[in-house]
Amino acid sequence: MQHILDELEKRRDQARLGGGEKRIAAQHAKGKLTARERIDLLLDEGSFEEYDMFVEHRCSDFGMENQKFPGDGVVTGWGTINGRLVYVFSKDFTVIGGSLSMTHAQKIVKVQQMAARNGAPVIGLFDAGGARIQEGVDSLAGYADIFMENVMSSGVIPQISVIMGPCAGGDVYSPALTDFIFMVKDTSYMFVTGPEVVKTVTNETVSAEDLGGARVHAGKSGVADGAFENDLEAMTQVRRLVDFLPLSNREKPPVRETFDDAMRDEPSLDSLIPTNPNKPYDMKELILKIVDEADFFEIGKDFAKNIITGFARMDGSTVGIVANQPQVLAGVLDIDASRKAARFVRFCDAFGIPIVTLVDVPGFMPGTKQEYGGLIKHGAKLLFAYAEATVPKVTVITRKAYGGAYDVMSSKHLRGDVNYAWPTAEIAVMGAKGAVEIIFRADIGDAEKLAAREAEYKERFANPFVAASRGYIDDVIKPHGTRRRIIRSLKSLNHKVLTNPWKKHDNIPL
Amino acid sequence: MFTKILIANRGEIAVRIIKTARRMGIKTVVVYSEADADSLAVEMADETVFIGPAPASESYLIADKIIDACKQTGAQAVHPGFGFLSEKAEFAQRCKDEGIVFIGPNAGAISAMGDKIESKKFAAAANVSCVPGHIGEIADTAHAVKISEEIGYPVMIKASAGGGGKGIRVAMNRKDVEEGFPAVRAEAKGAFGDDRIFIEKFITSPRHIEIQVLGDKHGNVVHLFERECSIQRRNQKVIEEAPSPLLDPETRAAMGAQAVALANAVGYDSAGTVEFVAGQDKSFYFLEMNTRLQVEHPVTELITGLDLVEQMIRVAYGEKLAFKQDDLKINGWAIESRIYAEDPYRKFLPSIGRLVRYDPPAEGEHGSSHLGAYTVRNDGGVREGDEISMYYDPMISKLCTWAPTREAAVAGMGRALEDFHIEGLGQNIPFLAAVMDQDRFKSGALATNYITDEFPGGFNGTVPTDFQTDVMTAVAASMHRVMAARARTIGNGLAQRGVREDWVVFVDKQERTVTLVDGAVGLDVVLSGEGRTLSLTETDWRPGKPTYKGLLNGRAFTVAVMPAAEGFTIRHRAAKAQVVVLTPHSAELHKRLPAKQAADTSKLIISPMPGLVVSIEVALGQEVKEGEIVCIIEAMKMQNIIRAERDGVVKEVGAKAGDSVAADEILVEFA
C-alpha cells in the first residue's frame, strides 16, 4: 500500500512543480508569483482543493507529444474566502506559457459549470500566452466553451478576473465577459493585438505597457476596474471584494458584524456643501462618513472620476454606492461616466444589492466630442439601468440635480424607493443663470434686470422644496443625519417586492 | 465693569477672548467677514456683525466698520486681539475719540514702540541694553577696525541699504574686518548705490527671549517673566515655552527690570511684550516691543495662573493691577506648539482646505506620559468640517502642555501631539513631534537657527525607534486579529480551520514572528526568538477608527492608523511605516515580491494640491532653471506658484490652463 501512496505523492509533487524549477525562478524574477502561490494568497489557508491535477493534453502535432505536463498550464479547483465557497482557475505561465489547449479549456469549463450549479463565484487569474497554436481549431473551440460558460453565468454568479501577466488575443475575451477585471501594475498587460502586430498593421510603435498596461486599462479605457501594486495586494483586495458580494443571485448579499453605530451622526456634514455653489467638494468624504467603518471598495477608481462607484456596508449589509464627484468636471455625466455607472448599477441589480445614489450633477456634458461619441445612447444606458433596477434604491440629492441628469440619477420617477434631498439641493431644469437667459431672452443686455431675474429664479427653484411639494422628494433631511436616515430606509426596504414584466431579455441601448 | 465688548478679530483668538468675557459676565460682539460667517467664534458670540468680504483689507482691517459695529451694538470696548488693527495707533486713538475703550495700550505707547528707530531711542534712554554697534559714518577701514574692536568680535558689517543677504558680512577677527569692510562697501555701492555701512555686534547662535509686561492706567507695571520663542521657521514662531531654559534667576530679573523700565518710559498701560535677542552666554539685547497680546501668551498664563485677556480688560476699564511684582511666581513649565495647515513633507507648503477630521486631545489633566501627569490646553477656533482658508493665517490651533518640570511638559507635548488627529489637509504635527523627540530640544539648547540646523535637508519624518517598532508591530497584529475574527463571521457553513495566532509582521522591511495570546487584561504579543512579550492594554480601537490608543508594556501611546491596500500605514509621532501582517507562508511569498522602485519624481513637477491650472509658464523643450516659475495653480481662490526644484529641459507638459488637477497629478516632466 505504502508504495501506492508514495506514487501519488510523487505524481502530486511533479504536478505542483508546473513547468519546472527553472521556469518558476524566471517567473519570480519577473516579480510574479506562480499560479499555485497566487491561489495560496487568494484562498483561506489550506482550503484549496485542486481538481484535474493530472490532466494532460492529447495533442501529438509538432512534437507536442514530448511536451506534456500534468495539469496542462492551468490550476483549477475550489476553496474558501473567509469561509465562503469560491471556484478558482489560475493560469500557469511556467507550463508552455500558460497557453490554452482543449484539455486546459475543459478544466476551466469544469469549475465554471460547478460554480454556476453550486452558486459560487468564479475567480480567474490570468497569466498566459494565448492559444496553443499547435492545437489549431481545438484551441479556439476551447476558448468558445469558456466564453459560453461566462455568458451563461453572467448575472447568476459573480465572476472576477485578475490579469497578472500577459493576456492577449483570445485570452482577453473571457475576462471581458466577467463582472470585474483587476490588473497588477507593471507585470500585466491586456490587448487584442500586441505591439508587433500593431507595428506591422498600422506602423505605430508602442510598448506592451503603453498599449495595454494596468494604467491604460484602469485609467484610460476603463476595461479594468482597478489596478494593484503586486500579486499579494491584488489577492488581498479580491478577498476584500468577495466579502461584499453574495455568492450567487440565489442568495441575499452577506451581512457582516459591524463595529459602527447605525445611529451615528456626522455634524461636519452640515458644512460639506460650500457656500459658493461653484466650488467643488469631495463627495468621497460624504461616502466615507456615512458608510460602516469608512470602508469603501471602489470600482473603477481611476476611470471616469466624475462618477464614483463602489461597494460599502451600511449597518453590516452590502450596498452599492453611485455618486457624482463634483471635484472632477463638476460631476457632469459624460460617456465614460454613464457607461461606468450603468454597468455597476446592473451588477447590483443582478445580485440584489441595494443602491445608494448620492447626487450632485450639473447635467450631461456638452460638446462635439461627446455627441459624436454617442452620448445620447451611452447616457441612456444609465437611465435604462436605473429604471429597470428592482433592488432597493435610496437617493440623496446633496446639491445640484439639473435637467435630464436629475431624472437619470435614481429619481423618484425611475422608481426610486426613498428620495431624500439636503436643504442645499437645487432641483431644477438648469442653473439659474442659463434658465433666466432663456426665459427672459428679451432682457439680455440689461445686466441689472437679468441679475434680478436670476435671483428670483434661484429663490424660486434653487431649493429642494418645489420638488418636495410635489412628492418627488420624500423628505428634506439634515446632512448630519444622512447615515441614520439611509440605514432606516434600507431596513424598511428589506422585503421590497417589485418585478418587471416577463421578457426574453431587454434591449438596453448597447 | 464693561457689560458688552466687541472683538475685532477672528478665529482662535476671538474664541479665546469670548471665553474670558463669558467668565467675567461680559457680553461679546464678534465681527465677521464672508469667509467666517459659519465660524466657531460667530457661533459662540452673543451678537455678530457682518463686516464684508473675505480679504482682511476689505473687512477686519477697516477701522470704520469696526467703529460702526460698536455703535450699532452698543459695545463699550474693543479687544483687537493680535494682528489686524491691534498695533495701529490711529485705531486706538480713533476708539478713544469715539468714546469706545480700546482694550490695549494707549495710542502714544503704540506709536512710540511701533517705530523701530524711535523704540530703540526710548530703549537706550531707559537704559535697556541694545545691540552694541556704531550707526554713524565710518571713515575708512582703520576706523572700522577700531569700532569693531570696541564692540568686540564677532561683529556684523552691514550695508545700511542692504537686504536679501547682500551687503552683509560677519567678521570674526581683525583680518576679517580689514578684508570685509572694503568688500561690503564696494558691494553696497554697486548693488544699492549707497555705501553707508554700519557695524554691530554679531550674536552667534542667538535665541529669542521675550518678557511679558503688564501695566495699568495708574502707573503700575509688572513683568510676567519670559517666554522663549527660539524655534522658528522663516521668522515664524513654531514652538514657544515659558520659562526659558537659558535664564537663571539673575538674568531673568535683569531682563524683567529692563522690560518694566521701558514700559514705564512709554507710559505703557496694558499687556505687552518686550522682545530680546539673547546670546548663549546669557547676554541679551533689546529687539522691539510688541504692543499687543502675543499669540504665545497661553504659556505665560499657564505658569503664572493669570488670565492675560482678563487683565487687559480690567486695566482697560481702569482697574488697578491687583498684584505686585513680588506676588508673581513661576509655577512649573509650559510649552506651546503651533499647529499649522502646512505640509512638512512638502517643504512646509501651505495646505489649506477642509478639516475633514479634527479631533484634538481633551483639555485638562492627563495622567499618562511616561514622565508623569501633564495638563493640556488647546486654543482653537475651528470645528471638524471647518475650512482653513487662504485669506488668513494658516494656524489651526495652539496646543499647550503644562507640567511641573520642563522634562514632563515636553513629554506631555509629545503625547498631546500623538492625540491630535487631523485629516483633510497637511499639518505640521509630525514635525512638531519630531522636535519634541530630539535630544537637543530636550536639553534646552535652543537657537533661532534650530530648525535649519537640525533639519538641513528639510523634514522627511524619522526612522522608527525600537519602541515605535514595537508599538507598530503590536498594534498591527491586534488590528489584524480583530478583523480576521470578524471576517470569519460571514462564512456560510464550510468548516474553517481554527483561528491562527502566529503571524509574521513586517514593519516596512523589518520582519518579526509573533504569537498572539490573550493576556490577563489585554493582548500579549509574544516576539518569537526575542524572548520578549509586548503587552497591549487599555486599547480603544475598533475597525474604522483612524487612531489607536493604548498602553504598550504600560507606556501610553496613540498612533494614527490608515488601512492600506495591503496592511496598514501607521504613524507614531514623526515615524511612519507600512505594516503588514501575514501568515508565515504568505510572508515567504511577500518577500519574494521585489520591492517596487518608487517612481523617480525628481524629474516631475506634481501638483501639490487639488486646484485649477491658471497658467503653465513653460513650453515643451524649454530649458528651465531651478526656482523658475513652472506653473500657477489656483486653489481656494488663491494662486500658488509652483517653481522648478532643479534645472531641466521640459519633456512633457501634462496640464493646460483651465484644467483642474488633483494633488500629485503630473504637471510638467523634465527630460
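The values are calculated or read from the model by the stated rules, or taken from the named source; none is laboratory data. Treat the numbers as computed from the prediction; the structure is a model and nothing was measured. In this analysis, Cβ positions are derived from the backbone assuming ideal geometry, glycine residues included, and neighbour counts consider all displayed protein chains. SASA here: full protein model, heavy atoms, side chains in, ligands and nucleic acids out. Shrake-Rupley method; radii C 1.70, N 1.55, O 1.52, S 1.80 Å.
Between a first residue in the stretch B:469-492 that is more than 12 Å from chain A (Cβ to nearest Cβ) and a second residue that is small (Gly, Ala, Ser), which pairs have beta carbons less than 7 Å apart while being 6 or more apart in sequence or on different chains?
Close Cβ pairs (under 7 Å, with a partner that is small (Gly, Ala, Ser)) amount to B:MET472/B:ALA577; B:ALA476/B:GLY567.
May I ask you to list the residues in the stretch A:103-158 that are over 21 Å from the mean Cα position of the chain (by Cα) and within 16 Å of A:ASN249 (Cα to Cα)?
A:GLN113, A:MET114, A:ARG117, A:ASN118 - these are the residues of the stretch A:103-158 that are over 21 Å from the mean Cα position of the chain (by Cα) and within 16 Å of A:ASN249 (Cα to Cα).
Any chance the stretch A:81-89 includes a residue that's more than 14 Å from chain B (Cβ to nearest Cβ) and not in a helix (DSSP H, G or I)?
Yes; the residues of the stretch A:81-89 include at least one that is more than 14 Å from chain B (Cβ to nearest Cβ) and not in a helix (DSSP H, G or I).
Could you tell me whether any residue of the stretch B:286-299 is under 25 Å from B:LYS96 (Cα atoms), of a type in the set (A, V, I, L, M) and open to solvent by 30 Å² or more (accessible area, probe 1.4 Å)?
no
For the stretch B:266-282, enumerate the residues that are open to solvent by 30 Å² or more (accessible area, probe 1.4 Å) and either touching a residue at least 40 places away in the same chain (Cβ under 8 Å) or among the acidic types (Asp, Glu) (or both).
If the condition is that a residue be open to solvent by 30 Å² or more (accessible area, probe 1.4 Å) and either touching a residue at least 40 places away in the same chain (Cβ under 8 Å) or among the acidic types (Asp, Glu) (or both), then B:GLY267, B:GLN280, B:ASP281 are the ones that fit.
Name the helices (runs of 4 or more DSSP H) wholly within the stretch A:401-510 that hold at least 2 residues that are under 30 Å from A:GLY374 (Cα atoms)?
Those helices (runs of 4 or more DSSP H) span A:403-408, A:432-439.
Tally the residues that are under 30 Å from B:ASP466 (Cα atoms) and within 14 Å of another protein chain (Cβ to nearest Cβ), restricting the search to the stretch B:493-522.
Within the stretch B:493-522, residues that are under 30 Å from B:ASP466 (Cα atoms) and within 14 Å of another protein chain (Cβ to nearest Cβ) number 7.
Would you be able to tell me the number of residues in the stretch A:265-289 that are loosely packed, with under 15 Cβ neighbours inside 10 Å and closer than 28 Å to A:ILE299 by Cβ?
1
Restricting attention to the stretch A:326-346, report how many residues are of a type in the set (S, T, N, Q) and within 22 Å of A:GLY374 (Cα to Cα).
1
How about the stretch A:342-359: which of its residues are open to solvent by less than 20 Å² (accessible area, probe 1.4 Å) and under 25 Å from A:SER492 (Cβ atoms)?
Of everything in the stretch A:342-359, those that are open to solvent by less than 20 Å² (accessible area, probe 1.4 Å) and under 25 Å from A:SER492 (Cβ atoms) turn out to be A:PHE344, A:VAL345, A:PHE347, A:CYS348, A:PHE351, A:ILE353, A:ILE355, A:VAL356, A:THR357, A:LEU358, A:VAL359.
Which one of B:SER33, B:SER59, B:SER111 is open to solvent by 30 Å² or more (accessible area, probe 1.4 Å) and over 22 Å from B:GLU296 (Cα atoms)?
Among B:SER33, B:SER59, B:SER111, only B:SER111 is open to solvent by 30 Å² or more (accessible area, probe 1.4 Å) and over 22 Å from B:GLU296 (Cα atoms).
Determine if the stretch B:356-365 includes at least one residue that is in contact (Cβ under 8 Å) with a residue 12 or more places away in the chain, in contact with a Gly (Cβ under 7 Å, 6 or more places away or on another chain) and surrounded by 22 or more Cβ atoms within 10 Å (Cβ to Cβ).
Within the stretch B:356-365, not a single residue is in contact (Cβ under 8 Å) with a residue 12 or more places away in the chain, in contact with a Gly (Cβ under 7 Å, 6 or more places away or on another chain) and surrounded by 22 or more Cβ atoms within 10 Å (Cβ to Cβ).
Exactly one of (1) in a loop (DSSP other than H, G, I, E, B); (2) away from chain B (no Cβ under 14 Å); (3) surrounded by fewer than 22 Cβ atoms within 10 Å (Cβ to Cβ); (4) not hydrophobic (A, V, I, L, M, F, W, C) is unmet by A:GLU50. Its number?
Of the numbered conditions (1) in a loop (DSSP other than H, G, I, E, B); (2) away from chain B (no Cβ under 14 Å); (3) surrounded by fewer than 22 Cβ atoms within 10 Å (Cβ to Cβ); (4) not hydrophobic (A, V, I, L, M, F, W, C), the odd one out for A:GLU50 is (1).
Take the residues in the stretch A:183-197 that are of a type in the set (A, V, I, L, M) and either open to solvent by less than 20 Å² (accessible area, probe 1.4 Å) or touching a residue at least 24 places away in the same chain (Cβ under 8 Å) (or both); name whichever of them is farthest from A:ALA341 (Cα to Cα).
Among residues in the stretch A:183-197 that are of a type in the set (A, V, I, L, M) and either open to solvent by less than 20 Å² (accessible area, probe 1.4 Å) or touching a residue at least 24 places away in the same chain (Cβ under 8 Å) (or both), the one farthest from A:ALA341 (Cα to Cα) is A:VAL192.
If I go through the stretch B:319-353 residue by residue, how many of them are open to solvent by less than 30 Å² (accessible area, probe 1.4 Å), out of contact with any Pro (no Cβ under 6 Å at 6 or more places or on another chain) and at positive phi?
2
Against the condition in contact with a Gly (Cβ under 8 Å, 6 or more places away or on another chain), on the phi > 0 side of the Ramachandran plot and within 13 Å of another protein chain (Cβ to nearest Cβ), how does A:ASP260 come out, does it pass?
Spelling it out, it is not the case that A:ASP260 is in contact with a Gly (Cβ under 8 Å, 6 or more places away or on another chain), on the phi > 0 side of the Ramachandran plot and within 13 Å of another protein chain (Cβ to nearest Cβ).
Would you please name the residue that is farthest from the chain's Cα centre (by Cα), looking only at residues in the stretch A:181-231 that are of a type in the set (Phe, Trp, Tyr) and within 14 Å of chain B (Cβ to nearest Cβ)?
Across the stretch A:181-231, the extreme among qualifying residues is A:PHE228.
Does the stretch A:395-412 contain at least one residue that is open to solvent by 30 Å² or more (accessible area, probe 1.4 Å) and farther than 28 Å from A:ARG484 by Cβ?
yes
Can you name every residue in the stretch B:70-129 that is more than 28 Å from the chain's Cα centre (by Cα), of a type in the set (D, E, K, R) and in a helix (DSSP H, G or I)?
Within the stretch B:70-129, B:LYS71, B:GLU90, B:ARG94, B:LYS96, B:ASP97, B:GLU118, B:LYS120, B:LYS121 qualify.
Quick one: which residue in B:GLU319, B:GLU387 is closer than 30 Å to B:LYS96 by Cβ and acidic (Asp, Glu)?
B:GLU319
Return the residue satisfying two criteria in turn: it lies in the stretch A:470-495 and is of a type outside the set (A, V, I, L, M) and closer than 21 Å to A:GLY431 by Cβ, and of such residues it is most open to solvent (accessible area, probe 1.4 Å).
A:ARG470
Residues in the stretch A:76-92 that are out of contact with any Phe, Trp or Tyr (no Cβ under 7 Å at 6 or more places or on another chain) and under 20 Å from A:ASP13 (Cβ atoms): how many?
2
Go through the residues of the stretch A:30-38 one by one and say whether even a single one is within 14 Å of chain B (Cβ to nearest Cβ), over 19 Å from A:ARG12 (Cα atoms) and among the acidic types (Asp, Glu).
No, that holds for no residue.
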